Amino acid sequence: MKMSNMLVSTLREVPAEAEIESHKLMLRAGLMRKMAAGIYNYMPLGLKVLRNIEQIVKEEMDNAGAQEFLASAMLPAELWQESGRWDAYGAEMFRLKDRNSRDFCLGPTHEEVFTDIARNEIKSYKQLPLTLYQIQTKYRDERRPRFGVMRSREFIMKDAYSFDKDQEGLDLSYDKMHEAYVKIFNRCGLDAKCVEADSGAIGGSNSAEFMVKSEVGEDDVVFCTACDYAANIEKAPSTPEKEQVTELKEIEKVETPNVRTIDELIKFFNTTAKKFVKTLIYNADGKIVAVMVRGDREVNETKVANALGGVIELEMASAEDVVKATGAAIGFAGPIGIKVDELLVDNEVSNMYNFIVGANETGYHLSNVNYGRDFDGKLGDYRNITEGEICPHCGAKITISRGTEVGHIFKLGTKYSESMNANFIDEKGESKPFIMGCYGIGVTRTMASIIEQHHDENGIVWPISVAPYHVSVIPVNIKDEAQMKVAEEIYNKLKSMHVEVIMDDRNERAGVKFKDSDLIGIPMRITVGKKIAEGQIEFKLRNSSDIEVINIDEVYNKVKNQLD
């Protein structure tokens, strides 16, 4: 393709709306343009990158024995009502009605659709195992779209679903997908780590995420310093710290006027955060729930939601609900006499002695409170693991880094097949529900993550496997007939070799062309200038500062070697 015929809209200035490097560079390099919050149009260069990523995904999915399928993006409510998710999915679902007032949604995910296909098309165990996949646009009404395509309301996703006759079959399908994902991300040039994860709204027994370390990642990822253990912080179990056994003291009511926060309490009592237990009050799908953790800990809301049976909407209780539950203003909640539907107590609290809590009375706290003697609740792991705690696998210390999820694989089991009566006939002639797996890759998020890992001060540095073009041929002076003739010859020869090549034949200064080539991230640059009189041109790799002066006829092997 010649750039004089291309729609290339590079920007020199960083758009004010862009916060992270991938967002800035996708806009500056002309890969996409914003239509509305969290909704983007993909320009020709951006679409080529997406298609290259999709092709890698397709090849590895096909190699793993999966078959491509394409479902509708507009889904009838009836399927979601069968699974119980129509009312449960929440505000992220785009809902609409047709002219007959029939309910539909724009698909945020497709478990129900694939389950419906399986129950209608697969009748016997002889047709199993089977894995179907699609690459399609998904729609989720994100509360706060941000970071470009990292968290958007419309995104391209590869989702696959496996159907097996038993758990052993599911384990094999899951392992095949895991292996395929490793190959996909490796081929895309991504350093992605597989970590244990919470199954969330998708459901199922086991799941793992493929995470990319990123300073702007939306997830905290736990890594062991000694073994291969890694997990999303939502999933990682914490290790309760145990205090030395201490004689229990009598409860003491202490006046604490205008002292509400842990920092204020530390100063008032002249002690550390470890002597306090804070009581946080939540609204969980309409139930008022209190959660108790040590003063220096953070509540893990995913663990709390799971402990409550899979809550969809978990948010801090309103001031009005806090007053109803405690009889006091915010900042004085405690477990003794609290009026809530459920009281969850972190395991660590049961190992503490003579701690300080709110008195459920404005302006007062209680000291020398002890679990079991003074109050009871549902014990469990309800907090985030912290840096330096113990790895649950080997006992070494863990570290925590930010990460971005690019893929997620689940063992669904019979969650959807049972609720939707999706059955097959087994070897004994009995009707059994399919054992299912679910496997997703965010294609647009993968694209952004590649940029996050592969860029420099001049722009994007695409791995060859996903680059929009492999080579940029730049004649320095398009009015020089000799330069244009050599540039055309190189351009046409590379095209005949099936190399993705562009020729920058625009009437621009060489410096402008070099900057655009670097910004867009073309892996190889061939500069045709005055040295052609000596039979030479310049060859440069995007990921190197070195410029080689080579003979014209050597360039083809140079390009071929890089592609190989």
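The values are calculated or read from the model by the stated rules, or taken from the named source; none is laboratory data. For clarity, every value in this text was computed on a predicted model and none was experimentally measured. Here the Cβ is made from the backbone with ideal geometry for all residues, glycine too, and neighbour counts use every protein chain on show.
Details
- Looking only at residues in the stretch 299-328 that are hydrophobic (A, V, I, L, M, F, W, C) and assigned to a helix (DSSP H, G or I), the one that is farthest from Tyr89 (Cα to Cα) is Val323.
- Of the residues making up the stretch 242-300, just one is under 37 Å from the mean Cα position of the chain (by Cα) and outside the structural domain of Ile338 (by TED's automatic domain parsing), namely Lys242.
- Count of the stretch 341-371 residues which are on the phi > 0 side of the Ramachandran plot, out of contact with any helix residue (DSSP H, G or I) (no Cβ under 7 Å at 6 or more places or on another chain) and not in a strand (DSSP E or B): 2
- Selected residue [touching a strand residue (DSSP E or B) at 6+ places or on another chain (Cβ under 9 Å) and at pLDDT below 95] from Gly535, Gly521: Gly535
Here's the yes/no breakdown for (1) in contact with a Phe, Trp or Tyr (Cβ under 7 Å, 6 or more places away or on another chain); (2) within 21 Å of Tyr416 (Cβ to Cβ); (3) buried (at least 21 other Cβ atoms within 10 Å of the Cβ); (4) polar (S, T, N, Q):
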| position | (1), (2), (3), (4) |
| --- | --- |
| Lys123 | yes, yes, no, no |
| Glu142 | no, no, no, no |
| Pro145 | no, no, no, no |
| Arg151 | no, no, no, no |
| Ser162 | no, yes, yes, yes |
| Asp171 | no, yes, no, no |
| Met177 | yes, yes, yes, no |
| Tyr181 | yes, no, yes, no |
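- Scanning the stretch 507-525 for residues that are under 17 Å from Met484 (Cβ atoms) and either surrounded by fewer than 20 Cβ atoms within 10 Å (Cβ to Cβ) or β-branched (Val, Ile, Thr) (or both) turns up Asn507, Glu508, Arg509, Ala510.
- Exactly one residue out of Glu348, Glu342, Glu389 is under 30 Å from Trp80 (Cβ atoms) and either among the charged types (D, E, K, R) or outside the structural domain of Lys158 (by TED's automatic domain parsing) (or both), and it is Glu342.
- Residues being closer than 27 Å to Ser72 by Cβ and among the charged types (D, E, K, R) are represented in the stretch 160-168 by at least one member.
- Within the stretch 372-391, at least one residue is acidic (Asp, Glu) and in contact with a helix residue (DSSP H, G or I) (Cβ under 9 Å, 6 or more places away or on another chain).
- Of the criteria (1) farther than 28 Å from Ala231 by Cβ; (2) surrounded by 16 or more Cβ atoms within 10 Å (Cβ to Cβ), which one Arg373 fails: (2)
- Cross-chain or 6+ apart pairs with Cβ under 7 Å, the stretch 134-145 first and farther than 18 Å from Lys58 by Cβ, then of a type in the set (Asp, Glu): Tyr139/Glu154; Arg140/Glu92; Asp141/Glu92; Glu142/Glu92
- The residues listed here are Ile338, Ile262; of these, the one that is touching a residue at least 12 places away in the same chain (Cβ under 8 Å), more than 25 Å from Pro237 (Cβ to Cβ) and of a type in the set (Val, Ile, Thr) is Ile338.
- Qualifying positions in the stretch 82-105 - modelled with pLDDT of 95 or more and either surrounded by fewer than 19 Cβ atoms within 10 Å (Cβ to Cβ) or of a type in the set (S, T, N, Q) (or both): Phe94, Arg95, Leu96, Lys97, Asp98, Arg99, Asn100, Ser101, Arg102, Asp103, Phe104
- Of all residues in the stretch 313-337, those that are surrounded by 14 or more Cβ atoms within 10 Å (Cβ to Cβ), over 28 Å from Glu252 (Cβ atoms) and of a type in the set (S, T, N, Q) total 0.
- Residue check, Glu21 within 28 Å of Ile409 (Cβ to Cβ), of a type in the set (D, E, K, R), at pLDDT 95 or above and surrounded by 15 or more Cβ atoms within 10 Å (Cβ to Cβ): no
- Test: residue in the stretch 538-555 that is of a type in the set (S, T, N, Q), surrounded by 18 or more Cβ atoms within 10 Å (Cβ to Cβ) and not assigned by TED's automatic domain parsing to the domain that holds Glu21: no
- Scan the stretch 446-465 for residues that are surrounded by 24 or more Cβ atoms within 10 Å (Cβ to Cβ), under 16 Å from Ile520 (Cβ atoms) and among the β-branched types (Val, Ile, Thr) and the total you get is 3.
- Residue among Arg85, Arg119 that is touching a residue at least 12 places away in the same chain (Cβ under 8 Å) and assigned to a loop (DSSP other than H, G, I, E, B): Arg85
- Residue in the stretch 124-131 that is without any contact (Cβ under 8 Å) to a residue 12 or more places away in the chain and over 21 Å from the mean Cα position of the chain (by Cα) present: yes
- Single unsatisfied condition, Ser401 versus (1) modelled with pLDDT under 95; (2) under 22 Å from the mean Cα position of the chain (by Cα); (3) crowded, with 22+ Cβ neighbours inside 10 Å: (3)
- Residue within the stretch 134-142 that is of a type in the set (D, E, K, R) and assigned to a helix (DSSP H, G or I) present: no
- When each of Asn186, Asn206 is tested for being under 30 Å from Ile460 (Cβ atoms) and either at pLDDT 95 or above or in the same structural domain as Ala36 (by TED's automatic domain parsing) (or both), the lone residue that passes is Asn186.
- Pair list, Cβ under 7 Å, 6 or more apart: the stretch 48-62 residue outside the structural domain of Gly407 (by TED's automatic domain parsing) and under 16 Å from Ile522 (Cβ atoms), other residue assigned to a helix (DSSP H, G or I) and aromatic (Phe, Trp, Tyr): none
- Hits in the stretch 88-102 (condition: part of a loop (DSSP other than H, G, I, E, B) and basic (Lys, Arg)): Arg99, Arg102
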